[in-house]
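For reference, the structure discussed in these notes is given below.
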Amino acid sequence: MKGKRGLLEGRFFQGISRETLDFLWEEGRVEEFEKGCVIFRAGERPAWVYIQLTGKSMIYNLTHEGRRKIIFIFGSGILLNEHVENSRDSSCYCEMIDKSRVLVISSATFLGRMGEDFGLAKAVLVMQEWKMWRLCHQLKNTLGSIGLERKLAAKLWKLSRDFGVKREDGIEIDLNMPVTFLADILGTPRETASRLCTVLAGHGLIKMRKKRIVITNPQGMAAFYKTGKIEK
């Protein structure tokens, strides 16, 4: 199991002084959350700041029809809150995808430290700018005339970059992704997501292995989502 030093090596903690890292560790607490645990909800006002240390989580919201739409999937070293000042309600949900360890610290304590240490304030700004950058790229790939097959290809290619594990037959995404999960990523019915997977498999771009997906042709997948063309 990772010790304190290993847990504080993630993206968010880069550039934060050792003194502030020690402060966050001492003032906060490390909690373990099981798969499926929702740590904050839309419409609620979180009094805590959550930083993923190990495991994976997803940020999602509900459509007007009550369908879940996944916005982000995060691994370790990520600030999960969309805002850290608890003066407004959260606009989304955060749910653990697998068993995770999360650093939890009160918003008041965290904000107080931000006021004393610009390095921590900058880390929050950098993290939120990174999320905005990712969101803008997602919008580029999900709006307009791009077909659903290419939208799914773009999502899977990005997940393979973030959570990919090399296998003999390609890159396996280290996430359990049943068809319902893929439907939530795309915001489509389950039947549509299943059909899209069949299309990508037919093009030789992916393999379905129970709840796992292997990208068998990463270069071809990238070309397909960008141009719509299949590279032989």
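Please verify whether region 62-77 includes one or more residues that are among the hydrophobic types (A, V, I, L, M, F, W, C), closer than 21 Å to D22 by Cβ and touching a residue at least 40 places away in the same chain (Cβ under 8 Å). No: zero hits. Scanning region 185-194 for residues that are surrounded by 15 or more Cβ atoms within 10 Å (Cβ to Cβ) and either in contact (Cβ under 8 Å) with a residue 60 or more places away in the chain or outside any helix (DSSP H, G or I) (or both) yields a total of 3. I'd like the full set of residues that are open to solvent by 50 Å² or more (accessible area, probe 1.4 Å) and under 14 Å from F23 (Cα atoms), limited to region 96-117. Of everything in region 96-117, those that are open to solvent by 50 Å² or more (accessible area, probe 1.4 Å) and under 14 Å from F23 (Cα atoms) turn out to be A108, L111, G115, E116.
Scanning region 158-184 for residues being part of a helix (DSSP H, G or I) and open to solvent by less than 50 Å² (accessible area, probe 1.4 Å) gives a total of 8. When region 22-39 is filtered for residues that are of a type in the set (V, I, T) and in contact with a helix residue (DSSP H, G or I) (Cβ under 9 Å, 6 or more places away or on another chain), only V30 remains.
Can you work out which of the residues in region 27-54 that are in a strand (DSSP E or B) and acidic (D, E) is surrounded by the fewest Cβ atoms within 10 Å (Cβ to Cβ)? Applying the filter and picking the extreme gives E32. Name the single residue, out of those in region 195-232 being touching an Asp or Glu at 6+ places or on another chain (Cβ under 9 Å) and assigned to a strand (DSSP E or B), that is surrounded by the most Cβ atoms within 10 Å (Cβ to Cβ). Restricting to residues being touching an Asp or Glu at 6+ places or on another chain (Cβ under 9 Å) and assigned to a strand (DSSP E or B), the top hit is I215.
All conditions but one from (1) surrounded by fewer than 18 Cβ atoms within 10 Å (Cβ to Cβ); (2) assigned to a loop (DSSP other than H, G, I, E, B) apply to K69; the one that does not is (2).
Close Cβ contacts (under 6 Å, 6 or more residues apart or on different chains) running from residues in region 126-138 that are closer than 15 Å to L79 by Cβ to residues that are surrounded by 14 or more Cβ atoms within 10 Å (Cβ to Cβ) comprise M127/F12; M127/L79.
Among the numbered conditions (1) more than 25 Å from Q14 (Cβ to Cβ); (2) open to solvent by less than 50 Å² (accessible area, probe 1.4 Å); (3) not basic (K, R), the only one that L80 does not meet is (1).
The values are calculated or read from the model by the stated rules, or taken from the named source; none is laboratory data. Fair warning: this is a prediction, and the values are worked out from it, not measured in the lab. Glycine gets a Cβ as well: all are built from the backbone with ideal geometry, and neighbour counts include every protein chain shown. SASA here: full protein model, heavy atoms, side chains in, ligands and nucleic acids out. Shrake-Rupley method; radii C 1.70, N 1.55, O 1.52, S 1.80 Å.
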